[in-house]
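Scroll down for the structure; my scribbles are underneath it.
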Amino acid sequence: QTQNVLPKGHNQELISELEKLMPIFQLKGTWKGQYASHGDELVEVSYTKDSLVVSKVTGDENVPAGEVSILAKLTPDGVLSPLGKDLKHSAEKIRVVFEQNLEGVQVFKGQGQVAQKGFKFPQFIEGQLMVFQEEGVFGFLWLPMAYLIMFERCDLGLPSPEEPESEL
């Protein structure tokens, strides 16, 4: 019989520390993505209890700045296994190409927000968050639109936490 060697309440702390080492939990910060005809937009990645949240820093005429653009479920039931040939949606062919040609692609259930001009009739539609082993890149596949946005980490010229600011 195994015993829990950690004091009560420390399991969650340990889990939180281990999660920080996983690529999916290293995305916090500012990213740039090409939003179709809207061009490059900045987004901010943050985390809630069990979700990754992507909010727009710069917006567009459909989904303005400050609104949530993407949500992804980071719980075990949110993780999607490799597709193989069992496509549930024709747009998943895009994902198959990544899975067959790149190592370490993690895919999570998600939703992306769409709206008509003027942020009218906003709604979340089905999508998939793809996290790649390569640092500084992740993607979101908007399934009904068969549209993939790739995001790259954006350096806004701010000093990194381990790099002290230089004095002028």
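Looking at the stretch 42-61, which of the residues that are more than 12 Å from the chain's Cα centre (by Cα) and free of Cβ contacts under 8 Å to residues at least 24 places away in the same chain is most open to solvent (accessible area, probe 1.4 Å)?
Going residue by residue through the stretch 42-61, those that are more than 12 Å from the chain's Cα centre (by Cα) are 42, 48-50, 56-61.
Adding the requirement that they be free of Cβ contacts under 8 Å to residues at least 24 places away in the same chain leaves 48-49, 56, 58-59.
Details: Thr48: 81, Lys49: 205, Lys56: 11, Thr58: 55, Gly59: 36 Å².
That would be Lys49.
Take the residues in the stretch 1-41 that are modelled with pLDDT under 80 and of a type in the set (Gly, Ala, Ser); name whichever of them is nearest to the chain's Cα centre (by Cα).
Taking the stretch 1-41 as the starting set, the residues that turn out to be modelled with pLDDT under 80 are 1-25.
Restricting the remaining residues to those that are of a type in the set (Gly, Ala, Ser) gives 9, 16.
Working: Gly9: 29, Ser16: 18 Å.
Among those residues, the one meeting the criterion is Ser16.
So which residues in the stretch 63-80 are part of a helix (DSSP H, G or I) and farther than 10 Å from Ser51 by Cα, if there are any at all? Even if it seems obvious, please write down each step before you answer.
Let us first name the residues in the stretch 63-80 that are part of a helix (DSSP H, G or I), namely 76-78.
Result: Pro76, Asp77.
For the stretch 115-149, give me the residue count where each residue is in contact (Cβ under 8 Å) with a residue 40 or more places away in the chain and in contact with a Pro (Cβ under 7 Å, 6 or more places away or on another chain).
Total meeting the criteria: 4.
Quick test of your reading of the structure: Phe121 fulfils all but one of (1) under 12 Å from the mean Cα position of the chain (by Cα); (2) open to solvent by 30 Å² or more (accessible area, probe 1.4 Å). Name the failing condition by number.
Of (1) under 12 Å from the mean Cα position of the chain (by Cα); (2) open to solvent by 30 Å² or more (accessible area, probe 1.4 Å), only one is false for Phe121: (1).
Identify, by number, the condition in (1) touching a strand residue (DSSP E or B) at 6+ places or on another chain (Cβ under 9 Å); (2) on the phi > 0 side of the Ramachandran plot that Gly39 doesn't meet.
Exception for Gly39: condition (1).
Of all the residues that make up the stretch 83-107, how many are on the phi < 0 side of the Ramachandran plot and either of a type in the set (S, T, N, Q) or in contact (Cβ under 8 Å) with a residue 24 or more places away in the chain (or both)? Spell out the reasoning first.
Keep residues of the stretch 83-107 that are on the phi < 0 side of the Ramachandran plot, which gives 83, 85-103, 105-107.
When the remaining residues are screened for being either of a type in the set (S, T, N, Q) or in contact (Cβ under 8 Å) with a residue 24 or more places away in the chain (or both), the result is 89-92, 94-95, 98, 100-103, 105-107.
Going through the stretch 83-107 one residue at a time, the tally reaches 14.
For the stretch 113-168, which positions are in a loop (DSSP other than H, G, I, E, B) and either closer than 16 Å to Leu80 by Cβ or modelled with pLDDT of 75 or more (or both)?
Our first condition is that a residue be in a loop (DSSP other than H, G, I, E, B); within the stretch 113-168, this holds for 117-119, 132-136, 143-146, 154-168.
Within the stretch 113-168, Lys117, Gly118, Phe119, Phe132, Gln133, Gly136, Leu143, Pro144, Met145, Ala146, Cys154 meet the criteria.
The values are calculated or read from the model by the stated rules, or taken from the named source; none is laboratory data. Everything numeric here is computed off the predicted structure, so don't read it as measured data. Here Cβ is always computed from backbone atoms with ideal geometry, including for glycine, and neighbour counts include all displayed protein chains. The protein model used for the area step is the full one, side chains on, heavy atoms only, and it has no ligands, DNA or RNA in it. Shrake-Rupley method; radii C 1.70, N 1.55, O 1.52, S 1.80 Å.
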